[in-house]
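Just below is one structure, and these are the notes that go with it.
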Amino acid sequence: MTIDQEIAKRRTFAIISHPDAGKTTLTEKLLLFGNVIRSAGTVKGKKSGKFAASDWMEIEKKRGISVTSSVMSFPYKDFHANILDTPGHEDFSEDTYRTLTAVDSVVMIIDATKGVEPQTIKLFKVCRMRGIPIFTFMNKMDREGRDPLELLSEIEEVLGIESYPMNWPVGMGKGFLGLYNRFGQEFVKFNGNEDEEYIPFAELDHHPEISEDSTFKSTKEEIELLEEAGNEFDAQRVKKGELTPVFFGSALANFGVKAFFDTFLNFAVPPQPRKTEKGYIEPNSETFSGYIFKIQANMNPAHRDRIAFLRVCSGKFERGMSVNVSRTNKSIKLNQTQAFMARDRETVDVAYPGDIIGIYDPNIYQIGDTLVEGKENYSYKELPQFPPELFRKVRVKNVMKAKQFRKGIEQLVQEGAIQLFRQDSTDDMILGAVGHLQFEVFEYRMKAEYNVEVEFVSLGDRIPRWIKNDKFEKRYFDSRSMLVRDRNENYAILFENDFTYRYFRDNNKEIELIDLLEENEYQ
Ligand code: GDP
């Protein structure tokens with residue numbers, strides 16, 4: 001197969017959702033289609049989120065590095081699917097955001113009984129910045145959910161993306177009759193389980209149990225309204241992430257999932273050219289290149305090795321190949337590499353754009369590093385700074401260990417495990433994280449790797465806003481709107497809550513505030 005054919009069939013995507021919307025359940029169904037697993041219920045073990053953080057570390061220690069479930073790769077029909085897991089629940093961290101820079105499209109699951117929830121909004125914003133296709137799966141139609149039209153307008157209003165329902169639910173919960181598939185021009189009858197019965201629209205007259213049903217009749221009116229007043233389907237706008245195709249269904253009942261997956265694979269994009277300071281690099285370029293979007297350190301002190309996750313962006317990867325690490329301009333031979341199948345790690349010999357490979361890291365890589373075959377040198381511009389939301393002041397318990405403390409912090413910050421700020425007035429060290437687990441991992445690793453015990457003082461949830469202009473007066477700041485400097489000496493303000501933020505913004509119009517989730521420039 002040529003490299004162009006390999007690229008054309010790659011679909012690298014992530015599934016984003018708020019906890020409990022059904023991500024595990026849906027993933028499992030996709031793995032069943034791909035024959036990666038044989039029965040439902042087998043993916044549950046990977047849900048580290050169901051454990052407390054300390055349990056999680058025990059598990060990590062026992063298993064070594066748990067990378068097996070972070071990328072699931074399998075052939076399906078004419079495609080090669082790479083699903084990247086985005087850690088949620090308690091293990092939500094910056095890695096969750098970074099993973100979204102490595103995918104070409106996303107599936108957003110929404111629990112139809114709840115609507116758009118906070119974590120979905122945050123993850124959605126990252127996808128939106130990148131301008132990648134976003135597909136929506138409106139889950140749990142077998143339960144009494146919210147009004148479908150209301151759910152659609154919530155997507156449009158809260159997320160600011162236009163939507164196009166590919167199918168429409170007829171009834172829900174106990175009265176769920178099935179899906180009116182606008183796109184496939186057929187009715188999919190729900191019989192309470194995964195046996196989907198397909199009835200082309202033209203034959204519906206022969207099925208009075210549906211066509212005469214009062215719910216069906218009233219739903220048809222709703223659909224007519226959609227046809228008249230709703231958005232038009234436009235594959236180009238889907239590609240740019242301006243229009244999200246919406247599929248209703250039930251992951252648990254495996255209903256509407258296959259049609260969703262097949263359609264998704266058709267409209268989701270294969271690997272695209274990516275931007276570097278030397279221009280866009282085409283995926284089918286002769287030269288292999290990729291960048292590291294995540295580094296997983298081993299929690300076991302006896303095995304200090306780390307795995308770097310590399311997204312292949314161009315060319316063909318072959319094991320044993322020499323590459324140049326752009327940041328250091330040093331050449332390295334990639335011998336110890338692994339592919340990710342759902343269950344096993346195995347050595348990878350070749351990989352193509354869109355694939356993720358794990359590289360053994362003897363402590364030489366950093367998040368964001370670009371690796372290019374041969375002597376060439378350029379860097380992908382993929383990893384912006386993500387705004388943390390949780391902040392804690394940090395101190396060393398024993399001042400005699402101040403030196404190791406500094407060294408540990410410096411390395412962990414450089415590695416991207418956590419972010420460091422300084423309170424401007426006191427110079428106190430403040431750690432910023434996206435998820436609570438990051439603090440625990442930090443504390444654990446400081447002890448295990450640097451033999452330093454740390455002390456935290458929580459500053460709670462904060463709303464961080466960066467300051468665009470450098471000239472401003474410092475007298476406005478206090479503990480509720482705390483002035484800090486990030487590691488690049490840029491000023492930011494940590495607001496205690498939304499009220500303080502708005503009050504400050506409205507009263508200090510000359511200070512221009514930046515929300516990183518809205519201002520990051522990717523492409
Ligand atoms: P995750 O946290 O997003 O991975 O969510 P899970 O896949 O673990 O699902 C959370 C809960 O919702 C579990 O109890 C699932 O069985 C349930 N669930 C998932 N999908 C559906 C669905 O389509 N219908 C119903 N009724 N329950 C579902």
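Below, the figures for the structure above:
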quantity	calculated
Burial order of peptide ranges 226-239, 440-453 (average beta-carbon count within 10 Å, highest first)	440-453, 226-239
Interchain or long-range residues, amide H under 5 Å from Gly435's placed H	Glu94
HN-Hα J in Hz across segment 146-162 - Karplus 6.51, -1.76, 1.60, θ = phi - 60°, x for Gly and Pro	8, 4, x, 5, 5, 4, 4, 6, 5, 4, 5, 7, 6, 9, x, 10, 7
Amide proton proximity set for Phe137, modelled H, under 5 Å, gap of 5+	Met108, Ile109, Ile110, Phe247
Radius 15 Å from Cβ of Val372, net charge of other residues (Lys, Arg +1; Asp, Glu -1)	+2
The chain: angle of helix 23-33 to the longest principal axis, Cα-based, in degrees nearest 10	60 degrees
Dipole magnitude of segment 209-275, debye to nearest 20 (Cβ charges: Lys/Arg +1, Asp/Glu -1, about Cα centre)	820 debye
Estimated dipole of segment 133-210 in Debye, rounded to 20 [Cβ of Lys and Arg +1, of Asp and Glu -1, Cα centre]	140 debye
Charge context of Asn324, other residues only, Cβ under 9 angstrom, K/R +1, D/E -1	0
Amide H partners (placed H, <5 Å) of Thr113, local residues excluded	Arg146
Reachable lysines, given that their alpha-carbon falls under 18 Å from the alpha-carbon of Lys471 and they are not under 8 places away in the same chain	Lys509
Rg/Rg_ref, the chain, where Rg_ref = 2.2 N^0.38 Å and atoms are Cα	1.03
Over 18 Å between alpha carbons, listed pairs Lys333/Lys375; Lys294/Lys447; Lys278/Lys316	Lys294/Lys447; Lys278/Lys316
Dipole axis of the chain (+1 Lys, Arg; -1 Asp, Glu on Cβ), positive-most option in Leu152, Tyr97, Tyr491	Tyr491
Charge dipole (debye, nearest 20) of the chain; +1 at Cβ of Lys and Arg, -1 at Cβ of Asp and Glu	2640 debye
Relative contact order computed over the chain (Cα-Cα under 8 Å; 6+ residues apart), in percent	15 percent
Dimensionless Rg/Rh of segment 382-453 - Kirkwood Rh, Rg from C-alpha atoms	0.96
Sorted by Cβ density within 10 Å, fewest first, the residues Thr2, Thr24, Thr244	Thr2, Thr24, Thr244
Helix 498-507 axis, angle to the chain major axis (alpha carbon atoms, nearest 10°)	70 degrees
Cα centroid separation, segment 454-485 to segment 412-429 (Å)	12 Å
Stretch gain in nm, segment Asp195-Lys397, where the contour uses 0.36 nm per residue and the Cα spacing is subtracted	66.6 nm
Segment 88-177 - percent relative contact order, Cα under 8 Å, separation 6 or more	29 percent
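Every number in this text was worked out from the coordinates using simple rules, so none of it is lab data. Computed from a prediction, not measured in an experiment: that's the story for all the values here. Reconstructed Cβ throughout: ideal geometry from the backbone, glycine too, with neighbour counts over all protein chains shown.
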